[in-house]
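The values are calculated or read from the model by the stated rules, or taken from the named source; none is laboratory data. Just so you know, these numbers come straight off a predicted model, no measurement behind them. Using ideal geometry, Cβ is built from the backbone for each residue, glycine included, and neighbour counts are taken over all protein chains shown. Note: accessible area is taken over every heavy atom of the protein model, side chains too, but ligands, DNA and RNA are not part of it. Shrake-Rupley method; radii C 1.70, N 1.55, O 1.52, S 1.80 Å.
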Amino acid sequence: MIASKFALITGLTCGILAAQVKQVYVEPFTTKAGAEQLRNDLIAELRKDRSISLVSQESGAEAILGGGGEIWIRGYRSLNPRSGRSPSNGTPVYAGYLSVELRDSKGETLWGDLVTPSGGAEDVSKDLAKRIAKHVAEAMEKGMVTSHGVSLPQPTTVLKGAGATFPYPVYAKWFRNYRRENPNLEITYEPVGSEAGIRRLLAGELDFGASDSPEAIRDLAGEEGKYLLFPSVVGGVVPIVNLPGIAGDLQFTAEALAGIFLGTIKKWNDPILARANRGLRLPDLDIVVVHRSDGSGTSYAWTDYLSKTSPEWKTEVGCSMTPKWPVGRAAAGNDGVAKLVKEFGGSIGYVEFIYALENHLSFGKVRNQNGEFVGAGLESLAAATSRSVEIGDDLKVSIVNAPGAGAYPIASFTWLVVPAHIADDAKRIAITAFLKWMLGPGQAQAAALGYLALPKEVAGREDAVIGRIH
């Protein structure tokens, strides 16, 4: 059972706790605009915390705080004419993201965060700086996860993997950083989609696969006993939209999303959409639906949500990696869906959270079990995993449509799929060592890319399952 309320937006997981970091250097952020102002605002906020000592040179620091991303103006919110404020076209509504990390002197990530602008921020730099400083202080109170890389004495080893595009950004980062600690091991990964990756694993072409569907092996092979599933991180699937002229956040009910993807809701100003978005003037514009063309764990999570919340969807389409889509254009991978939505005005699709941010796309809020319209983010993903959920010995679990205040309803674990029997000693040692690293230092590297670290109960259960690899 998962029952703990773990720290929000800290990226902290099981691992060795380092001594309190005190001496911090804030490096320039790698943003396209406003980087120096953001750095100055962040330094000003951090100076308010007496437990943190800032240093002017990187050489004198115990840890370096920095990061990058992009912030842009999504549109303008009209001002109340009686307020007397200017300019007359309203205040800007910002979108974007900052990936922030605190690293030790060796460059290892101690803590990470993903920060997005709040809807009502009038000074976006100060708004971001305040929240980064707050989260850094909270993380420092709890301690940082240090690296404890596993030495691999065997000759150069290559592990080949393929599968889900959902977790690809964090997997690419993990495999790159892990090799830095273990140069004799190379891990390659092809983001070809869950179904294609698992089929290649079943055919013996890969050392591991990856999927956002816990049922991928069962659905494609029928017999599951030869493979073990390891949850790696938690992510969110978001409805992305390209609707010019709409600066506010669109809100979606399950009824609206099911109707759009069933093809029964065809216009953006449909009454069902209008009722959930009373403050917005929705256009009389055709809806262009975009969905995955490949067998996809992201599609599994999306259709799992629709099946649990819409009887009509459950009856007509159901939950699958390869659903029979009633309407829409098809694109391969999360990145392909994002690019197609970006191309067509009036379009809607679904992708993992970070793909929406990286492609400068608006993503809607979705109504949860509590009746709240909630946007994806580290806090709302944490809320979705903070309630008790059943998880079996096979480490399968669905957190889609989780109960609880503030829970984002289309949240999902994603899994690495590993053969239970690995005849090659070097590969068995290598993949076992990597999985243990993933559950420790690797978890601290997830938050900066918009993924939530695993609850400690899940990580603890996984650690025991690793011992079943033989």
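Annotations
Table: residues versus (1) touching a strand residue (DSSP E or B) at 6+ places or on another chain (Cβ under 7 Å); (2) farther than 30 Å from VAL417 by Cβ; (3) not polar (S, T, N, Q).
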site: GLY235; (1), (2), (3): yes, no, yes
site: ASP249; (1), (2), (3): yes, yes, yes
site: GLY259; (1), (2), (3): no, yes, yes
site: PRO283; (1), (2), (3): no, yes, yes
site: ALA301; (1), (2), (3): yes, no, yes
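- Candidates GLY318, GLY345 - the one that is open to solvent by less than 50 Å² (accessible area, probe 1.4 Å), more than 21 Å from the chain's Cα centre (by Cα) and within 22 Å of PRO283 (Cα to Cα): GLY345
- Unmet requirement for SER310, which otherwise passes all of (1) at pLDDT 95 or above; (2) open to solvent by 20 Å² or more (accessible area, probe 1.4 Å): (2)
- When the range 358-382 is filtered for residues that are open to solvent by less than 40 Å² (accessible area, probe 1.4 Å), among the polar types (S, T, N, Q) and either assigned to a loop (DSSP other than H, G, I, E, B) or in contact with a Ser or Thr (Cβ under 9 Å, 6 or more places away or on another chain) (or both), the ones remaining, listed by number, are ASN359, ASN368.
- Candidate set: the range 229-252, residues that are open to solvent by 10 Å² or more (accessible area, probe 1.4 Å) and in contact with a helix residue (DSSP H, G or I) (Cβ under 6 Å, 6 or more places away or on another chain); chosen: the one farthest from SER296 (Cα to Cα): GLN251
- Scope the range 321-342; condition in contact (Cβ under 8 Å) with a residue 40 or more places away in the chain, closer than 15 Å to GLY263 by Cβ and crowded, with 17+ Cβ neighbours inside 10 Å; matching residues: TRP325, GLY328, ARG329
- Taking the criterion of being in contact with a strand residue (DSSP E or B) (Cβ under 6 Å, 6 or more places away or on another chain) and part of a loop (DSSP other than H, G, I, E, B), the only residue of the range 417-432 that qualifies is ALA420.
- Residue in the range 126-173 that is surrounded by the fewest Cβ atoms within 10 Å (Cβ to Cβ), counting only those that are of a type in the set (Ser, Thr, Tyr) and at pLDDT below 90: SER151
- Per this entry, VAL366 is not counted among residues that are free of Cβ contacts under 8 Å to residues at least 40 places away in the same chain and in contact with a Pro (Cβ under 8 Å, 6 or more places away or on another chain).
- Restricting the first member to the range 108-119 and to residues that are closer than 17 Å to GLY235 by Cβ, and the second to residues that are acidic (Asp, Glu), the beta-carbon pairs closer than 7 Å and six or more apart or on different chains are GLY112/GLU101.
- Residue identified as buried (at least 23 other Cβ atoms within 10 Å of the Cβ) and either modelled with pLDDT of 95 or more or among the polar types (S, T, N, Q) (or both) among GLY204, GLY209: GLY209
- Test for LYS427: is it under 25 Å from PRO169 (Cα atoms), surrounded by fewer than 18 Cβ atoms within 10 Å (Cβ to Cβ) and charged (D, E, K, R): no
- Between ASN80, ASN40, ASN89, the distinction of being at pLDDT below 90, open to solvent by 50 Å² or more (accessible area, probe 1.4 Å), out of contact with any strand residue (DSSP E or B) (no Cβ under 7 Å at 6 or more places or on another chain) and not hydroxyl-bearing (Ser, Thr, Tyr) belongs to ASN80 only.
- Among the residues of the range 45-53, at least one is farther than 26 Å from GLY107 by Cβ, at pLDDT below 85 and more than 25 Å from the chain's Cα centre (by Cα).
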